[in-house]
Amino acid sequence: MSQEKQERIKACLQELATLLYSEADKSQLIDLEGIEKTVRSQILELVSPEIALFLLKKKQEQK
């Protein structure tokens, strides 16, 4: 992956992290375990399904 793409991914992830943080239960972000649970939950609920749908659409477009 090119440096330019890596930098774009990092910028997008920073923006996503800001949005997810604004919706997170701050009382859960007091230790590493709480942070990990929050991140895992948000990824499973919000991020992974969108990536999966995107990849599915791309695969269907190739047919």
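Numbers for the structure displayed
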| quantity | calculated |
| --- | --- |
| Hey, residue 61 at pLDDT 95 or above and either in a helix (DSSP H, G or I) or exposed (fewer than 11 other Cβ atoms within 10 Å of the Cβ) (or both) or not | no |
| Residue tally, condition open to solvent by less than 70 Å² (accessible area, probe 1.4 Å) and part of a helix (DSSP H, G or I), over region 1-21 | 5 |
| Tally, over region 27-56, of residues that are loosely packed, with under 10 Cβ neighbours inside 10 Å and more than 14 Å from the chain's Cα centre (by Cα) | 5 |
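The values are calculated or read from the model by the stated rules, or taken from the named source; none is laboratory data. As the structure is a prediction and not an experimental result, all values here were calculated from the model. Cβ atoms come from the backbone with ideal geometry, glycine included; neighbour counts cover every protein chain shown. Calculation scope for accessible area: heavy atoms of the full protein, side chains included, ligands and nucleic acids excluded. Shrake-Rupley method; radii C 1.70, N 1.55, O 1.52, S 1.80 Å.
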